[in-house]
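Peer 1: Mind looking over this structure? Questions follow.
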């Protein structure tokens, strides 16, 4: 199925795979419809000639006040205490206390 | 003020309904009440009223009462007291409070108890604030109506059948309903200013980099900001003064000096140049909102400000630009939710790949999936230049619009939203209609400037109207002064 702005069901499925999302058979066409509507709205950006415009990733660079990016405000490389390991591991769905446990990764 | 058709029915501890932060602190510090008694009366009111509003997702009584007792001990001992001593505050549930649930209103974080405090929360507590609990919001702060919460929508306390706005709907509604003296919310594309306008409270979006984001569950890192909801502009200035400043845990925080926002409020506004951006008064703006903004502008003129028409010519491109950049960043930020380290893990999965997909499918709601898909699409091979890079370039143009305007004026005054609070369910079927709700708020988000919403009137049916004041980067002082002048003029009407 092709839609006005041109994102097909296969493409939505491909993007869902990239994003590690599983879409049900009901969700897939609805998401395709919504994506096409939103992309149709976004298409108006193409009206603007931006060939001479620098892309802006965040605000500080435009203001010329990005010391962190220039490296000036990077902290000293010293060992400092961080959040307690046991506290972190206590939040894991499955753990042996030292490592996160996940289903088998490699088939043999 | 006309009676709203569906205002709150409960009357438990009604003196809290409009209790300001300043008055709460004074009552505790002067010994009129104790911090413990004040916190307990808020919990009584929450128990009675919140079933109508549904603003809280979790209460943190133990921590609140321990902190309140410490404040009371300090009062008794005659110790120095912080600027927020004993003040009961609610926290949007995208901010971490050590040991308390942090769900981001998502099922995927159900049961998660973060092992650390957000910097903003730690700063409030160090200033004496009492954390009452965690407030409802749109899932991962994605939404303009609070209807995307996995735990059910918040109801607007001024009109219960209407939305409180979003995404910080619980934070705005809790202050408006007197369920905390002040609250913290976050704003990525309007999520503080719009709910503040819908609920009739003050909401402040600080300049990007002014308040540390450490401990904020990320949505779009180049846009996310933390800010206060309060009853008055002065209360907002007090909170911002505590929150602002650099933090070693957030490299994007600025070392620019923090102004004395509360002291600066007493400076006169006479002589300030106020810009009125013509693009914010076009088709689709509710006539009652337009009239209320014009009344605010008249009041500023009477106070000695000069009013100037300005143009922000790229305004109409702000919403599409925002929905490319915000979703791209979200798709990347939300990849961390995979069922490995925290939150929900599907019990259905037997392989790692399956576990990622099923955990995410079961954990995320429809709007979050929609935005992850859009963000992944605009970043994917072949589309990056056409969408993501293009949007970053238009972001430069939008920012330049503001920088140019601010060479001519000291602050901008405009609407926050095109309409007052809409009905629950009214816009849930059409994502574009919901996104256009952000039409007057997202440009300031992309440009990183500061902004606020100040109550400036009500519609004939009693719904609150907010006026937006936008200030230069790191010039919260001027913005707050303009907001206070509007507030003062309205009080004397």
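The values are calculated or read from the model by the stated rules, or taken from the named source; none is laboratory data. All values derive from a computational prediction rather than experimental measurement. Here the Cβ positions follow ideal geometry from the backbone for every residue, glycine too, while neighbour counts run over all protein chains shown.
Peer 1: Could you tell me which residue of region B:332-373 is surrounded by the fewest Cβ atoms within 10 Å (Cβ to Cβ), considering only residues that are without any contact (Cβ under 8 Å) to a residue 60 or more places away in the chain, closer than 23 Å to residue A:85 by Cα and within 9 Å of another protein chain (Cβ to nearest Cβ)?
Peer 2: Filtering region B:332-373 for residues that are without any contact (Cβ under 8 Å) to a residue 60 or more places away in the chain, closer than 23 Å to residue A:85 by Cα and within 9 Å of another protein chain (Cβ to nearest Cβ), the one surrounded by the fewest Cβ atoms within 10 Å (Cβ to Cβ) comes out as B:335.
Peer 1: Oh, and also: For the list (1) surrounded by fewer than 24 Cβ atoms within 10 Å (Cβ to Cβ); (2) within 13 Å of chain A (Cβ to nearest Cβ), I need the number of the one condition that residue B:218 fails.
Peer 2: Unmet for residue B:218, out of (1) surrounded by fewer than 24 Cβ atoms within 10 Å (Cβ to Cβ); (2) within 13 Å of chain A (Cβ to nearest Cβ): (2).
Peer 1: Next up: Filter region B:109-131 for residues that are outside any helix (DSSP H, G or I), closer than 13 Å to residue B:71 by Cα and in contact with a strand residue (DSSP E or B) (Cβ under 8 Å, 6 or more places away or on another chain); which is nearest to the other protein chains (Cβ to nearest Cβ)? Steps first, please.
Peer 2: The first filter runs over region B:109-131 and keeps only residues outside any helix (DSSP H, G or I), leaving B:110-118, B:127-131.
The next check asks that each one be closer than 13 Å to residue B:71 by Cα; those that pass are B:127-131.
In the following step, the residues that additionally are in contact with a strand residue (DSSP E or B) (Cβ under 8 Å, 6 or more places away or on another chain) were identified as B:129-131.
Details: B:129: 23, B:130: 24, B:131: 19 Å.
This residue is B:131.
Peer 1: Which of the residues belonging to region B:168-188 are more than 14 Å from chain A (Cβ to nearest Cβ), assigned to a loop (DSSP other than H, G, I, E, B) and surrounded by 24 or more Cβ atoms within 10 Å (Cβ to Cβ)?
Peer 2: B:168, B:177, B:179, B:180, B:181, listed by residue number.
Peer 1: Exactly one condition in (1) under 15 Å from residue B:166 (Cβ atoms); (2) at pLDDT 95 or above; (3) in a helix (DSSP H, G or I) is false for residue B:417; which is it?
Peer 2: Of everything listed in (1) under 15 Å from residue B:166 (Cβ atoms); (2) at pLDDT 95 or above; (3) in a helix (DSSP H, G or I), residue B:417 misses just condition (3).
Peer 1: A further question follows. Residue A:19: under 23 Å from residue B:344 (Cα atoms), modelled with pLDDT of 95 or more and more than 21 Å from the chain's Cα centre (by Cα), yes or no? Please lay out each step first, then the result.
Peer 2: Numbers: under 23 Å from residue B:344 (Cα atoms): yes; modelled with pLDDT of 95 or more: yes; more than 21 Å from the chain's Cα centre (by Cα): no.
When the stated conditions are applied, residue A:19 does not pass them.
Peer 1: Same structure, new question: If residue A:66 satisfies every condition in (1) more than 7 Å from chain B (Cβ to nearest Cβ); (2) modelled with pLDDT under 95; (3) more than 30 Å from residue B:253 (Cβ to Cβ) but one, which is the exception?
Peer 2: Of everything listed in (1) more than 7 Å from chain B (Cβ to nearest Cβ); (2) modelled with pLDDT under 95; (3) more than 30 Å from residue B:253 (Cβ to Cβ), residue A:66 misses just condition (3).
Peer 1: Given the structure, is residue B:391 at pLDDT 95 or above, more than 10 Å from chain A (Cβ to nearest Cβ) and under 30 Å from residue B:198 (Cα atoms)? First the steps, then the outcome.
Peer 2: Details: at pLDDT 95 or above: yes; more than 10 Å from chain A (Cβ to nearest Cβ): no; under 30 Å from residue B:198 (Cα atoms): yes.
Against the criterion (at pLDDT 95 or above, more than 10 Å from chain A (Cβ to nearest Cβ) and under 30 Å from residue B:198 (Cα atoms)), residue B:391 does not qualify.
Peer 1: Anything in region B:368-385 that is touching a helix residue (DSSP H, G or I) at 6+ places or on another chain (Cβ under 8 Å) and at pLDDT below 95? List them, or say none. Explain how you work it out, then say what you get.
Peer 2: Of the residues in region B:368-385, the ones touching a helix residue (DSSP H, G or I) at 6+ places or on another chain (Cβ under 8 Å) are B:368-380, B:383-384.
Within region B:368-385, B:380, B:383, B:384 qualify.
Peer 1: Looking at region A:15-29, which of its residues are in a helix (DSSP H, G or I) and either more than 8 Å from chain B (Cβ to nearest Cβ) or touching a residue at least 60 places away in the same chain (Cβ under 8 Å) (or both)? Break it down stepwise before answering.
Peer 2: Residues of region A:15-29 in a helix (DSSP H, G or I): A:15-18, A:27-29.
Of everything in region A:15-29, those that are in a helix (DSSP H, G or I) and either more than 8 Å from chain B (Cβ to nearest Cβ) or touching a residue at least 60 places away in the same chain (Cβ under 8 Å) (or both) turn out to be A:17, A:28, A:29.
Peer 1: Quick check: anything in region B:153-163 on the phi > 0 side of the Ramachandran plot and in contact (Cβ under 8 Å) with a residue 24 or more places away in the chain?
Peer 2: So in region B:153-163, the residues on the phi > 0 side of the Ramachandran plot come out as none.
No, the conditions are met nowhere in region B:153-163.
Peer 1: Conditions first: (1) under 22 Å from residue B:267 (Cβ atoms); (2) more than 14 Å from chain A (Cβ to nearest Cβ). Residue B:200 passes all but one, so which condition is the exception?
Peer 2: (1)
Peer 1: I've got another one for you. Is there any pair linking a residue in region B:57-73 that is outside any helix (DSSP H, G or I) to one that is surrounded by fewer than 20 Cβ atoms within 10 Å (Cβ to Cβ), with Cβ under 6 Å and at least six apart or on different chains, and which?
Peer 2: Close Cβ pairs (under 6 Å, with a partner that is surrounded by fewer than 20 Cβ atoms within 10 Å (Cβ to Cβ)) amount to B:57/B:151; B:58/B:101.
Peer 1: Next up: In region B:253-346, which helices (runs of 4 or more DSSP H) lie fully inside it and hold 3 or more residues that are more than 30 Å from residue B:357 (Cα to Cα)? Working first, answer last.
Peer 2: Details: elements: B:261-264, B:287-302, B:318-333.
Once the helices (runs of 4 or more DSSP H) in region B:253-346 are filtered for at least 3 residues that are more than 30 Å from residue B:357 (Cα to Cα), what remains is B:261-264, B:287-302.
Peer 1: While we're on this one: Out of B:424, B:470, which single residue is in contact (Cβ under 8 Å) with a residue 60 or more places away in the chain and surrounded by fewer than 21 Cβ atoms within 10 Å (Cβ to Cβ)? So that I can check it myself, show each step before the final result.
Peer 2: Values: B:470 fails: surrounded by fewer than 21 Cβ atoms within 10 Å (Cβ to Cβ).
None of the others qualify; the one that does is B:424.
Peer 1: Right, another one. Looking for whichever is loosely packed, with under 14 Cβ neighbours inside 10 Å, at pLDDT 95 or above, more than 25 Å from the chain's Cα centre (by Cα) and under 30 Å from residue B:395 (Cα atoms) here; the options are B:309, B:301. Which one fits?
Peer 2: Working: B:301 fails: under 30 Å from residue B:395 (Cα atoms).
Unique residue meeting the criteria: B:309.
Peer 1: Condition check: over 30 Å from residue B:363 (Cβ atoms), within 14 Å of another protein chain (Cβ to nearest Cβ) and surrounded by 16 or more Cβ atoms within 10 Å (Cβ to Cβ). Does residue B:315 satisfy that?
Peer 2: On the way: over 30 Å from residue B:363 (Cβ atoms): yes; within 14 Å of another protein chain (Cβ to nearest Cβ): yes; surrounded by 16 or more Cβ atoms within 10 Å (Cβ to Cβ): yes.
So residue B:315 passes the test.
Peer 1: Going by what's in this entry, would residue B:251 be described as over 20 Å from the mean Cα position of the chain (by Cα) and closer than 27 Å to residue B:138 by Cα?
Peer 2: Details: over 20 Å from the mean Cα position of the chain (by Cα): yes; closer than 27 Å to residue B:138 by Cα: yes.
Yes; evaluated as a whole, the condition is true for this residue.
Peer 1: Run residue A:51 past the list (1) within 8 Å of chain B (Cβ to nearest Cβ); (2) not in a helix (DSSP H, G or I) and report the number of the one that doesn't hold.
Peer 2: Exception for residue A:51: condition (1).
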